[in-house]
Amino acid sequence: MPKETQKNFEQNMEAMSKMSPVEMQAKIKDLDKICICKKCPTYVGTGENKLTFCAIGKSSIIKKDKGCLCPGCPVQKTLALRWDRYCLKGSGKEQSGMK
């Protein structure tokens, strides 16, 4: 994995950790606009209405893995994320082991 990708992820997480709750909500709202969760087979038909699990953490509704579109999501690229199945496994920060 290129060191630059890791650095960008770390920088993104650090910047987001310094945001106020209002700034964080605005960031999530912006990320929701480019998120592709609504098209994911694991998401479709669950009744879930939240998006950007890569930023907010896993879903309390989604329980069954039916495939994953995370690797092709613009949010994944924007935040320099390297994991998948955020709706089932937790946010990028959680999956990275960061506190």
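As a proxy for reagent exposure, ranking 88, 31 by other Cβ atoms within 10 Å from fewest up yields 88, 31. Taken about its Cα centre, the chain carries a charge dipole of about 220 debye when Lys and Arg each add +1 at the Cβ and Asp and Glu each add -1 at the Cβ. Helix-only arithmetic for the chain: the sum of -39500 (n - 2.57) across DSSP H runs with n ≥ 4, divided by the residue total, places the mean residue ellipticity at 222 nm at -12500 deg cm²/dmol.
Read the figures in this text as sums done on the coordinates, not as results from a lab. Predicted model only: the values in this text are computed from it and were never measured. Cβ sites come from the backbone with ideal geometry, for glycine too, and all protein chains shown count toward neighbours.
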